[in-house]
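Engineer: Handing you a structure now.
The values are calculated or read from the model by the stated rules, or taken from the named source; none is laboratory data. Computed from a predicted model, the values in this text were never measured in an experiment. Reconstructed Cβ throughout: ideal geometry from the backbone, glycine too, with neighbour counts over all protein chains shown.
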Amino acid sequence: MKISSKCDWVQGTFPYYRDVSFPDWISTEHEEIQPIAGYNTGYKTGEGICVYTHTERRDQGTHFIAGGSAISRFQGECRDFVDHVVKEGANIKRIDLCVDIFDGNLDPRVATTELAMGRVRTHAKQSPRWDDPRTGGYTQYVGKKTSDTFMRIYDKGVEQKTELNWIRIECVWKGKRALPAANVWLASGDIQGMIRGFCDFTAWDEWDEVMDSPVVKVSVKQKETDTQKWLIEVAAKTLAREWASGDDDTFYLHFLQATREWYLGYAKGGDKGIDNLLD
């Protein structure tokens, strides 16, 4: 049996105030492609990374999608790619991490039985399955495809129309869970542990053999407060407008300095610290 793990999909958005930045081993050659909904221009790099912008809605930023076929053509590691774009300010919107099992005994249909017996630890409420009698393909999901996180176990060999004994376990993190998942992967590199953190079968020997790694949780910060929401949706917009109307960065730098001083006041002693700043 051979086991391997990898990132098979990553997509994200660079905010309008950040330049698009990919690692220097990504091809600078590109061809125009049809844009997806919400954008009016698109191009594809030599590797197959799709990049989309809207010339009249710069506030939407620049969206990119690196699917499995593009990632397979990378000259560097996908982990290095994700690390680079995150450091350059991209907000990851989706990331797929998978474990491939070749010539093993793990059967997706057993997952269906284990789920039915309740021998699993997961917060997912639904576990649909897909069975294609024409091809023999079978997929067991844990969580719905519309959820922010879901897992699937399926016969990749059948999907790829090969004779290989090839089973894939894949976990998808989207929306607010995508960036935290990307950061956990960058920090730990433990895909098996991350998948077990979402779904872990408790009495399936073949699962334990393949997923031989400690549980790694992906945590999402608590829901933002009303004050935080106002700061992001109202105050930040007002600050950006004021900054853009000036001739230089003086106001912006002054604002950052004032914010830092107020923060230090709170950090030193709450209201008492603030009183000291006002003296």
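Engineer: Here is a list of conditions, (1) within 30 Å of S219 (Cα to Cα); (2) surrounded by 19 or more Cβ atoms within 10 Å (Cβ to Cβ), and P128 meets all of them except one; can you say which number that is?
Structural biologist: All conditions pass for P128, except number (2).
Engineer: Oh, and also: Sort out which residues of segment 10-26 are closer than 14 Å to A70 by Cα and loosely packed, with under 14 Cβ neighbours inside 10 Å, and write them in order of number.
Structural biologist: W25
Engineer: Of all helices (runs of 4 or more DSSP H) completely enclosed by segment 44-133, which ones contain at least 2 residues that are within 21 Å of T146 (Cα to Cα)?
Structural biologist: 108-116
Engineer: Given (1) farther than 22 Å from I3 by Cβ; (2) exposed (fewer than 15 other Cβ atoms within 10 Å of the Cβ); (3) among the hydrophobic types (A, V, I, L, M, F, W, C), identify the lone condition not met by A187.
Structural biologist: Unmet condition: (1).
Engineer: Oh, and also: Assuming F198 fulfils every condition listed in (1) surrounded by fewer than 20 Cβ atoms within 10 Å (Cβ to Cβ); (2) within 23 Å of N91 (Cα to Cα); (3) modelled with pLDDT of 95 or more apart from one, which condition is it?
Structural biologist: (1)
Engineer: Something else: Considering only residues of segment 28-56 that are among the polar types (S, T, N, Q) and surrounded by 14 or more Cβ atoms within 10 Å (Cβ to Cβ), which is nearest to C78 (Cα to Cα)?
Structural biologist: The extreme case among them is T45.
Engineer: Farther than 16 Å from Y154 by Cβ and in contact with a Leu (Cβ under 6 Å, 6 or more places away or on another chain): does that describe I92?
Structural biologist: yes
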